[in-house]
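Undergrad: Structure below; questions to follow.
The numbers here are math on the coordinates, done by the rules we state, and not lab data. Predicted model, so just to flag it, every value in this text is computed and none were measured. Using ideal geometry, Cβ is built from the backbone for each residue, glycine included, and neighbour counts are taken over all protein chains shown.
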Amino acid sequence: MNDFKENYMRKLLALAACAVMAITVAACGSDSKSSSSGSSGGSAKSGGSINGAGATFPQPVYDEWGARVKDKDGLTVNYQGIGSGGGVAQFTAGTIDFGATDSAMTDDELKAATKKGDPVHVPSVFGAVTVSYNVQGAKKGLKLDGATVADMFLGKVKKWNDPAIAKQNAGVKLSSQDITVCHRSDESGTTKLFTTFLAAYSPAWKSGPGVDKTVKWPTGTGAKGNDGVAACVKQNQGAVGYVEQAYALQNNFTTADVKNKSGQYIAPSLASTSAAGEGIKVPADLRFSAIDAPGAKAYPIASATFLLVYKDLCKAGKKQAQAKSVKTWLDYALSDGQKVAPSIQYAPLPAPLLSAAKKKVAGLQCNGKAL
Amino acid sequence: MEAGSVATGGGRSKLERSPLSGLPDKVLRWGLTALAAAILLLIAYFFVRLYSEARPAFAKFGVLGFTFDNNWDVSKDVFGALPLVVGTLITAAVALLIGVPIAVATAVYLVELCPTRLRQPLTIMVELLAAVPSVVYGLWGVYVLIPKLLPAEKWFANTFSWIPFIGGGTVAGPNYFIGGLILAIMIIPIVSAISREVMATVPVEHKEAALALGATRWEMIRISVLPYSRAGISGAAMLGLGRAIGETIAVTLVIGNAPQLSGHLFGQGYTLAAVIANEFGEAASDPVHRAALIAAGLVLFVLTLLVNALARWFVVRAEKTGGSRVAEGMAG
Amino acid sequence: MNAQPASLPGVSPRRRRTDKVARVLLLSATLIALVPLVLVVYYLIKKGIGAWNLDFFTTDPSGRFFGDPGGIRSAIVGTTLIVGLATVIAVPTGIGVALYLVEYGSESRFANVVRYFVDVMTGVPSIVFGLFIYIVLVLGGVAGGFAGWKGSIALGLLMLPVVTRASEVVLKLVPDSLREAALALGAPRWRVVWKVVLPTALPGLVTGSLLAIARAAGETAPLLFTAFAVKATTTNLGAQMNSLPMQIFSDVRQAQDRLVERAWGSALTLVGMILLLTLVARLVQRRSRLA
């Protein structure tokens, strides 16, 4: 009996010891390498690996850029879509290499971020916030104006065949289904863009929930990320939700034609998204919003999204190799990336904005020296 | 005979010890004591740190204000956790109402009525409910439970809309009820396991006495087993409650994440645990929001602490006064 | 001489009926309790097995929005490493504390305090552990931002009370007579523990640890903002790392069907791993002479 126990115990201890050794080797062995020479498979040209987090609005295009920049430069970009609020928060806390947000940082957020350095907004692409719906029998292109959309999200318009909707859609048969609102549960730049639009056309919205990355939604289900709202719309009959164009395309959503400032009902598309960027005046720190653009063909809920980096990356806590990798990423975004974006319906930056952004990236430093 | 004459081949008696031989013993004792003390310090630091991080929120809104104000507004930096507390309590209540009777009934069946051959397999199956992770229950809840139950919920809400909490709003897909139902499923294994343990300690004599007096099987259970186990079962229910209060991931996927007091069972809601999971990535650099989330965690923690303390008290009482319960049961 | 005892009244039909109804209800309740289990397993297999193929286990999530979504290799590797490290931290510590409580702490006040607080820890919601580690280690900037090992510590905190309590129960079951016999033969205390107590309790200790590991493998909340997530397979516990629960949590909220299918496939994998651990734990328990 003793022999059996001894044997058993010895075998178990040996197994445990092997496991411990394997784990320690795994942990320490790769700890000694700096994380910039981490998991780059394939053709490692400059290699490196950077972490970013933030808005889900541009996640499709960032993921596509990430895949391409890996093939081109061997750079691995880990991007987590946690919402613009999360992106700004983690960027300010210094836990990531770059942040991403659809709405430019507010003055308060800017002040909090200056603890680690000088935050720089780099616009990357223009995207559009669609009003997507899942209603039996309803086709694409339901005409809605800002006031009606606001009333739907306020819970004042409760059914799809409400007169407010029917008025704008003469001749369209509308179902009597209840409207189920899908909105964000996390802090979202997409929400800020959307609520900016709603507040412009609905005094009730402006004085009620207001404009912010997260508001007190009077009604509806909360979901995380653009992907979550898309899932909510897909799963609920009679649902309406606001999601970025790429998500609507991916899921074959029917999207509304939204009335813009010029009074035209515009469908979200590459052309109408680009039109929103034309002729806008942009301040020196590049913090702007293109919502409710004046152009005749402009989609009214389109705007740019931003990448956030500190001007002096090394002073903010990054190693030099890391800082270089971040610059490689930004350079890609503003050059080849601009050519790739249209293939997934994100509009490239208009020329004056693009050159301003490039200047900002050229000015990035590491401990005072240009990268 | 001298004790020291027990000799070994080496010359020194096996019973004599060298002065150093006490050292490993001392090392072991003090090493283990230090370990236990270190763990205690860690736990203490855990409480202290959480409290100090939560203090700014309590300072700004007051302890009662934070816990009972009905206004969780992230954009305006105002944090009153009432909708969260209520949501937590509603889902926990639904979980208990559904889960405890089923779990206790299961325990009774497995201990008293189940044929011996089936006992092991059925017991294992009930325990396997605990092996399914929270996120998998959430996945199943979103794609199976919610769509399949929606028509039934709508019918129920329409038919019984005159009952105050049932009617009164559109039936949403994710809602309090589904949250409570998933929690009920998750607490069944633990409540059942503890109830089974408690019922297995009922002295055989009590049961035989009842049977000898001509009781049917069910009457025997009602007279001897249940009264004896009452306190222990209450303890088990409290432990289930503690688990239900703290469950995060499954709940956040099926409750709708609306920081409001929906006035009806089939409306969207929020719980303390779910709000922490959803918002703490965004609160990193906003001191008030961060303090509010940690304060929510602290409220959650205190709730589970109270519930578990209550559970422990019940179980201890059960061990002490089990006997007298039988007499009560027999008289009743 | 004994008098003939009066015959007892028979069981009335009403009481017989109540008995029958009660039996049926109790059986139904048991079956109802098992319905969710059956349904969960059924749907896991039905919706998850379709996702299983060689690519599923050998490629990483590509993150590509429009192209091939990829598999879950990084999640499986990540869970193995993170939970592995958590086990290395929590199991020896938990057994050590349990040893202290059983061998040296039966009367001492200090031991009772330790026991009470460990008990309290079993009730802490897992999200609170994640929050604690996030604040202390991640925001506190200890060796960088998000990291796999920080997730391991959060999981370890979760496992510690479970391992301690289970181990204490098992160690208490080792009969004192065994200890006393060894001591009477002149063995020092440490030898009694090493050669008699631990080997006797070993199967029970293994069972308790395996069950704690199975529990930790399924936890999402402690990893949300500690290990965070990445797409690529990495063995560097000092950086962000993917894990099965995080991968499932991320995929479950998607609208794209193939991502949801991947969630089911990952869930099936995770539940499979946990069931395997639970099965091994129970088998080991059977071989124990103490249970």
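Undergrad: Enumerate the lysines that C:Lys46 could reach by cross-link, defined here as Cα to Cα under 25 Å, with residues fewer than 8 away along the same chain left out.
TA: Straight-line reach from C:Lys46, under 25 Å: A:Lys234, B:Lys148.
Undergrad: How far is helix A:59-73 tilted off the main Cα axis of chain A, in degrees rounded to 10, range 0 to 90?
TA: 40
Undergrad: Return the long-range amide H neighbours of B:Val78 (sequence gap of 5 or more, or a different chain), with a cut-off of under 5 Å between placed amide H atoms.
TA: B:Asp73
Undergrad: Still on this structure, I have one more. Quick one: which residues, 5 or more positions from A:Val243 or on another chain, have an amide H under 5 Å from its amide H? H modelled 1.01 Å from N in the peptide plane, none for Pro or chain starts.
TA: For A:Val243, the qualifying residues are A:Thr130, A:Ser132.
Undergrad: Right, next: Any idea what the relative contact order of chain B is, in percent, if you count C-alpha pairs under 8 Å spaced at least 6 apart?
TA: 24
Undergrad: I've got another one for you. Give me the angle, in degrees from 0 to 90, between the Cα long axis of helix A:351-362 and the longest principal axis of the Cα atoms of chain A, rounded to the nearest 10.
TA: For helix A:351-362, the angle is close to 20 degrees.
Undergrad: Classify the protein assembly as shown as rounded, prolate or oblate, taking a ≥ b ≥ c as the square roots of the eigenvalues of its Cα gyration tensor: rounded when a/c is under 1.5, otherwise prolate if a/b is larger than b/c and oblate if not.
TA: Values: a/c = 2.34, a/b = 1.42, b/c = 1.64.
Cα axes put the protein assembly as shown in the oblate bin.
Undergrad: Nearest 500 deg cm²/dmol is fine: what mean residue ellipticity at 222 nm does chain A get from its DSSP H runs of n ≥ 4 alone, each adding -39,500 (n - 2.57), divided by its residue count?
TA: Helix contribution divided over all residues of chain A: -12500 deg cm²/dmol.
Undergrad: What aspartates and glutamates could a cross-link reach from A:Lys216, if we take a straight Cα to Cα line under 17 Å and drop same-chain neighbours fewer than 8 places away?
TA: Result set, ordered by chain and number: A:Asp151, A:Asp186, A:Glu187, B:Asp69, B:Asp73, B:Asp77, B:Glu279, B:Glu282.
Undergrad: Using Cα pairs under 8 angstrom and six or more residues apart, how large is the relative contact order of chain A, in percent?
TA: After rounding, I find 21 percent.
Undergrad: Can you give the charge dipole size of region A:126-281 about its Cα centre, rounded to the nearest 20 debye, using +1 on the beta carbon of Lys and Arg and -1 on the beta carbon of Asp and Glu?
TA: On the way: 18 positive and 11 negative charges, 57 e Å.
Using only the charged Cβ atoms, the result is roughly 280 debye.
Undergrad: Using the Cβ atoms and a cut-off under 10 Å, what net charge is assigned to the surroundings of A:Leu174, where Lys and Arg are +1 and Asp and Glu are -1?
TA: It works out to a net charge of +1.
Undergrad: While we're here: Calculate how steeply helix A:189-201 sits against the longest principal axis of the alpha-carbon atoms of chain A, using the helix alpha-carbon long axis, and give the answer as 0 to 90 degrees to the nearest 10.
TA: With both axes taken from Cα atoms, the answer is about 10 degrees.
Undergrad: What is region C:172-291 by shape, rounded, prolate or oblate, if you read a ≥ b ≥ c off the alpha carbon gyration tensor as root eigenvalues and call it rounded for a/c under 1.5, prolate for a/b larger than b/c, and oblate otherwise? Write out the running numbers ahead of the final one.
TA: Details: a/c = 4.75, a/b = 2.58, b/c = 1.84.
Judged from the Cα gyration tensor, region C:172-291 comes out prolate (a/c at least 1.5, a/b above b/c).
Undergrad: I want to check the label-to-label distance for B:Arg29 and C:Val21. Put each point 7 Å from Cα in the C-beta direction and report it in nm to one decimal.
TA: Result for the modelled spin labels: 6.5 nm.
Undergrad: Towards the positive end of the charge dipole of region A:280-338, with charges on Cβ (+1 Lys, Arg; -1 Asp, Glu), say which of A:Pro294, A:Leu330, A:Val282 has the farthest Cα.
TA: A:Leu330
Undergrad: Identify all lysines with a Cα-Cα distance to C:Lys20 below 27 Å; exclude those on the same chain that are fewer than 8 residues away in sequence.
TA: Leaving aside lysines fewer than 8 places away in the same chain, those within reach of C:Lys20 are B:Lys207.
Undergrad: Helix by helix, which DSSP H runs in chain B go 24 Å or more along their axis at the Cα atoms and have an average Kyte-Doolittle hydropathy of 0.0 or more?
TA: On the way: long enough: B:22-61 (58 Å, 0.90); B:82-108 (38 Å, 2.31); B:176-200 (35 Å, 1.85); B:226-246 (30 Å, 0.67); B:287-331 (60 Å, 0.94).
Once both thresholds are applied, what remains is B:22-61, B:82-108, B:176-200, B:226-246, B:287-331.
Undergrad: Further question: Would you work out if region B:175-260 is rounded, prolate or oblate? Take a ≥ b ≥ c from the square roots of the eigenvalues of the alpha-carbon gyration tensor; rounded if a/c is under 1.5, else prolate when a/b is larger than b/c, oblate otherwise. Walk me through the numbers on the way to the answer.
TA: Numbers: a/c = 4.39, a/b = 3.18, b/c = 1.38.
The shape class here is prolate.
Undergrad: Right, next: Suppose every Lys and Arg Cβ carries +1 and every Asp and Glu Cβ carries -1, with no other charges. What dipole size does region C:38-103 come out with about its Cα centre, to the nearest 20 debye? Before the final figure, lay out each step's value.
TA: Details: 4 positive and 4 negative charges, 52 e Å.
With only Lys, Arg, Asp and Glu charged at Cβ, the dipole is about 260 debye.
Undergrad: Given the rule -39500 (n - 2.57) for each run of at least 4 DSSP H residues, summed and divided by the residues of chain B, what is its mean residue ellipticity at 222 nm, to the nearest 500 deg cm²/dmol?
TA: Calculated mean residue ellipticity at 222 nm is -23000 deg cm²/dmol.
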